[in-house]
1. Filter region B:215-226 for residues that are farther than 22 Å from A:ALA103 by Cα and facing another protein chain (nearest Cβ under 7 Å); which is nearest to the chain's Cα centre (by Cα)?
2. Considering only region A:93-107, state which residues are surrounded by fewer than 24 Cβ atoms within 10 Å (Cβ to Cβ) and under 22 Å from B:GLN217 (Cβ atoms).
3. Of all residues in region A:241-280, count the ones that are closer than 12 Å to A:ALA229 by Cβ and under 16 Å from the mean Cα position of the chain (by Cα).
4. Residue check: is A:LEU309 facing chain B (nearest Cβ under 8 Å) and part of a strand (DSSP E or B)?
5. Tally up the residues in region B:201-249 that are of a type in the set (Lys, Arg) and over 25 Å from A:LEU266 (Cα atoms), please.
6. Do you know which residues across region A:118-132 are of a type outside the set (Lys, Arg) and in a strand (DSSP E or B)?
7. With (1) within 14 Å of chain A (Cβ to nearest Cβ); (2) surrounded by fewer than 20 Cβ atoms within 10 Å (Cβ to Cβ); (3) modelled with pLDDT of 95 or more as the list, and B:LEU95 as the residue in question, which single condition is left unmet?
8. Based on this model, can you work out whether B:ALA77 counts as assigned to a helix (DSSP H, G or I) and either more than 14 Å from chain A (Cβ to nearest Cβ) or on the phi < 0 side of the Ramachandran plot (or both)?
Amino acid sequence: MAVLLIAEHNNKELRPFTLNAATAASQIDTEVHAVIIGQNSENAAKKLSELPVVKKVISIEAPHYENFTAENFAPAIVKLAENYSHIVCSANTFGKNLMPRVAAHLDTSQVSDIIKVISPDTFLRPIYAGNAFATVKTNDAKKCVTIRPTSFEPCESSGGTATIEKGEAGEEFSNTKFIKREEIKSDRPELGTARIVVSGGRGMQSGDNFKLITEVADKLGAAIGASRAAVDAGYISNDHQVGQTGKVVVPDLYIAIGISGAIQHLAGMKESKVIVAINKDGEAPIFSVADYGLEADLFEALPQFMEELNKLNTIQK
Amino acid sequence: MKILVAVKRVIDYNVQIRVKEDGSGVVTDNVKMSTNPPDDNAIEEAVKIKETGKATEIVAITVGEEKAQETVRKALAVGADKGIHVKTEGVLEPLAVSKIIQKIVEKEKPDLVFMGKQAIDDDCNQTGQMLSALLNWPQATFASNIEVKDNSLEVTREIDEGLETVEINIPAIVTCDLRLNEPRYASLPNIMKAKKKPIEEINVSDLGIDITPRVQQLKVEEPPKRKAGIKVANVAELVQKLKNEAKVI
C-alpha cells in the first residue's frame with residue numbers, strides 16, 4: 001500500500017517543509033500520494049503534482065478548509081486512510097496540531113518527529129529534547145508518522161507530472177471558529193530553512209538591542225532566531241524561538257549571541273553544521289556545543305563583528 | 001464550570017539525562033522528578049479562571065505509577081480542589097493516556113480539559129489532540145492566551161508563522177504553552193491544606209481499556225557527540241576562522 005503525504009500550504013503555495021516531508025515519505029515507500037486540503041488551492045495543488053516523488057495528488061477544497069483547522073481536516077484524511085499504509089506530515093505546528101487527531105480516529109499510536117527512516121515500520125526519533133535517540137518500531141497496521149523537516153533534504157520541486165484527483169469534502173466542524181492569523185512578514189530568509197541563523201538571548205537585555213542582531217543578520221543574509229528567555233522577556237516575537245518547543249534549525253552557521261545554552265535551547269540548534277557562541281560568561285553551557293566560542297561582552301563584540309564583516313571583499317549568500 | 005487538568009510526572013527539566021548502558025532507556029533511579037513544565041501552566045490557568053469566578057471546580061488528574069501522585073498533590077497545593085490518580089505500570093503511550101482520560105471525562109463531565117502541549121520526556125505532543133478527537137470536542141493547541149466567554153473560549157495559539165486566534169465552544173480541550181502564564185509556587189500553608197484534599201485512586205484495569213503499547217522501543221542511545229570546539233581570542237580571529245577555516249561566510 002502507498003504512503004499518503006499531507007501537504008502543508010497557504011492556499012497559494014506549498015509551504016517549504018512539504019518538500020522535506022515528501023522526501024521522508026518516499027523513503028518509506030516509493031508510491032507516494034499527496035493530499036492537499038484547502039480553499040482555492042489549485043495553484044498549490046499544481047505545485048504538488050510537480051514534485052517528482054509524488055505519484056498522485058488528491059485535492060480537496062471547501063470554504064471550511066481555508067484556515068487549516070485540524071477538526072475539519074482530520075475526518076477528510078481519515079476517509080482516505082483506508083487505502084494507505086502510512087500517513088505522513090511535517091512535525092511543525094501544522095502537523096503537530098493535526099496528526100494526533102487523525103491517529104486517534106484511526107486508533108493508531110502515532111510516531112512523532114522522526115529524524116530517520118530505518119525501515120517502513122522502524123524509525124529514529126529524538127526524546128528528552130534530543131539528549132537521547134530512540135529507535136522505535138510501530139506494530140500498528142496503519143502508521144501515522146510526523147517527520148522533523150530539517151532532518152530530511154527537500155525533494156526536487158519540478159519535473160513531476162502527477163495526476164490531480166478531486167477528493168470529497170467532509171462536513172464542517174461547527175464548534176471551532178477561526179478568528180484571525182497574525183503572520184509576521186519579513187524579507188529575511190525563513191528561520192527553518194535559512195543557511196545562516198543569528199540568534200539572541202536574554203543577554204541582549206532589550207528588544208531595542210536586537211537591532212544589533214538585525215544588522216549582522218542583514219549583512220549575512222541570515223534569519224533571526226531567539227532563545228525562549230528572549231521571547232518570554234518580550235524582546236522578540238514567538239515565531240523566532242529556537243528550541244525544544246520552538247523551531248528546530250540546522251543551518252550551515254548558527255551564531256548564538258548572549259544565549260547561555262539551556263537544554264531546551266540546545267535541542268533546537270545543536271545539529272547546526274557550525275556553531276558560534278558569543279557570551280561574556282566563559283562557563284556558559286552554549287560553549288560546550290560551539291565550534292568557535294568568543295568570551296566577550298556582546299555589546300562590544302557585535303559592532304566589531306560588523307566592522308570585520310564590512311572589511312571582507314565577499315560574503316557568501 | 002468544571003475544569004479537568006491533566007499533569008504528568010517527568011524528569012525535572014534541569015536534569016541532564018543519562019542513557020542506560022544497555023540501551024533500554026534513560027536512567028530514572030535517584031533522578032529528580034517534577035511536573036511536566038507546561039502542565040504547571042495548565043494548572044495555573046485553571047486556578048486563575050476559578051479566581052475570576054468563572055470556574056467552580058478544578059480536578060487534577062494524573063496517570064501512572066505510585067509516585068505520579070506527587071504531581072496531583074502539587075496541583076492541589078496551588079489550587080485544584082480534588083485529585084484523580086489512575087494507577088498504571090509500565091510504558092504508556094499518548095493514545096492509551098487519552099483513552100484513559102476520555103473515560104474519566106465521561107465520569108467527571110468537565111466543561112474544559114487543560115494540559116501541557118507536550119511532555120518534555122517523550123516529546124510526543126499528542127495527548128490533547130487525541131483526547132479531543134476521541135471526545136469529538138474542539139481543540140486549541142499551543143495556547144498562549146485564553147479568554148473565557150459565555151459558552152466558549154477565545155484562544156491565541158502559537159504557530160510557526162506567528163499567532164492564530166480561534167474560538168472554541170465549550171466543552172473543549174486546550175493544550176498550554178509555557179508563555180500562557182507564570183505558574184505560582186505553593187505556599188507552605190497551602191501545601192499542608194493540600195494533604196487533606198481528596199485524591200481518588202482508580203486502577204486502570206477497572207476502566208476496561210486496552211493500553212498495550214503499539215510502538216516498541218527497540219533501543220535508546222546517546223546522540224552523536226559534537227567534536228570539541230575552540231575559543232577564539234577576538235572578533236577578528238572569529239571572522240577569519242569562519243571565512244577561511246569553516247568557509248561558511
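1. Once the filter is applied, the top-ranked residue is B:VAL220.
2. A:LEU106, A:ASP107
3. So the count comes out to 5.
4. Judged against the criteria, A:LEU309 is not a match.
5. So the answer is 1.
6. A:ILE118, A:SER119, A:THR122, A:PHE123, A:LEU124, A:PRO126, A:ILE127, A:ALA132
7. Of (1) within 14 Å of chain A (Cβ to nearest Cβ); (2) surrounded by fewer than 20 Cβ atoms within 10 Å (Cβ to Cβ); (3) modelled with pLDDT of 95 or more, only one is false for B:LEU95: (2).
8. Taking the combined requirement at face value, the residue satisfies it.
The values are calculated or read from the model by the stated rules, or taken from the named source; none is laboratory data. None of these values were measured; they are calculated from a predicted model. Don't worry about glycine lacking a Cβ; one is built from the backbone with ideal geometry, like all the others, and counts go over all protein chains shown.
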